[in-house]
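Where a number appears in this text, it was derived from the coordinates with a stated rule and is not lab data. Predicted model only: the values in this text are computed from it and were never measured. Note that each Cβ is placed from the backbone with ideal geometry, even for glycine, and that neighbours are counted across all protein chains shown.
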Amino acid sequence: MTDAEKKALKAAHNKKYRDANKELIAANQKKYREANKELVRERKRAYREVNKERIAAKKAADAKTERGRKLDKLRGERYRTTHAERVRELHQKSRDKRAPIAKQEAKQRRVELRDSYVAQILRMPTDLVPPEVIEAERIRLKIKRKVQELDNDRTEKKCSTCREYKPLISFGRNHGTKDGRSYECRLCNRERKRRDALLKGLTFNPRNRDEFGRRRKHTPEELKATKNARAREVYARNKQRKNYEAHK
């Protein structure tokens, strides 16, 4: 019997033994790995360092076959199931490392109006949006940005009630609008409040301010009239009190 025949016979015998004692061999291998974790890990690391090119070539060849892709998927699922905590830590570390880069990339796409950002505005995948639609949307966004830029630099605004252009100071504060000012001027706002109060049968006492929101300065005639009216009111109240006490 030649050496080749002896090797073939031995290989057939070993294969027959492995097929007959699969569970026993697997249990012994698992027991050995648990008892020698560090040694097994070091051997694997040394093997990968020595056979980098061979492993890479085998992965590339397996990726081209259906069986290789299935095996790779099964290995990944098995690892994720066995080392769930480790996989979670790696994912979190990768997200933390990628977050500032992704934020900068998103900002760059928004500034440059890239196709991916325009498609995101349209709420469609980039591959499904026609190029002419992307170009039209890009032009619309450029016009919108220019209009907003001009609005931020303006010093006047059109009142929605009287339809007149007035300085921004003539409009009250409103943080709900883009420019932070109300839609109607102070004078129209005051007139609307007075009209609503009259319709409800109430008295409207507006603040003593001008159209720019500044406090009015009373003239001497206005101060004298106010003082006389207050004096008459006090005199009438005192007279009524005296009459009540006299008849009591």
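Key figures
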| item | result |
| --- | --- |
| Amide H contacts of C185 (H built 1.01 Å from N, under 5 Å, at least 5 apart or other chain) | S160, T161, C162 |
| Cα-based helix-to-principal-axis angle, 37-50 vs the chain, degrees rounded to 10 | 90 |
| Under 5 Å, built H, 5+ apart or other chain: amide partners of K157 | K166, L168 |
| Theoretical FRET efficiency, 1/(1+(r/R0)^6), r = Cβ-Cβ of K52 and L122, R0 35 Å, to 0.05 | 0.20 |
| Rel. contact order, % - alpha carbon contacts under 8 angstrom, at least six apart, segment 100-182 | 13 |
| Per-pair calculated FRET efficiency, R0 = 22 Å: R154 and E191 via Cβ, rounded to 0.05 | 0.35 |
| Charge sum, other residues only, whose C-beta stays under 12 Å from R69's C-beta, Lys/Arg counted +1 and Asp/Glu -1 | +3 |
| Out-of-range pairs (alpha-carbon distance over 30 Å; input K7/K70; K142/K166; K103/K144; K30/K70) | K7/K70 |
| Neighbourhood charge, 12 Å Cβ-Cβ cut-off, centred on A26 and excluding it, Lys, Arg +1 and Asp, Glu -1 | +4 |
| Theoretical FRET efficiency, 1/(1+(r/R0)^6), r = Cβ-Cβ of R163 and A229, R0 30 Å, to 0.05 | 0.20 |
| Geometric extent, Cα atoms of the chain - Rg, Dmax (angstrom) | 42.9, 149 |
| For the chain: relative contact order, % (alpha-carbon pairs under 8 angstrom, 6 or more apart) | 6 |
| Mean Cβ count within 10 Å, highest first, over the residues of peptides 190-198, 90-98 | 190-198, 90-98 |
| Acute angle (nearest 10 degrees) that the helix 66-82 long axis makes with the longest principal axis of the chain, alpha-carbon atoms | 70 |
| Sum of -39500 (n - 2.57) over DSSP H runs of 4+, divided by residues of the chain (222 nm, nearest 500) | -24000 deg cm²/dmol |
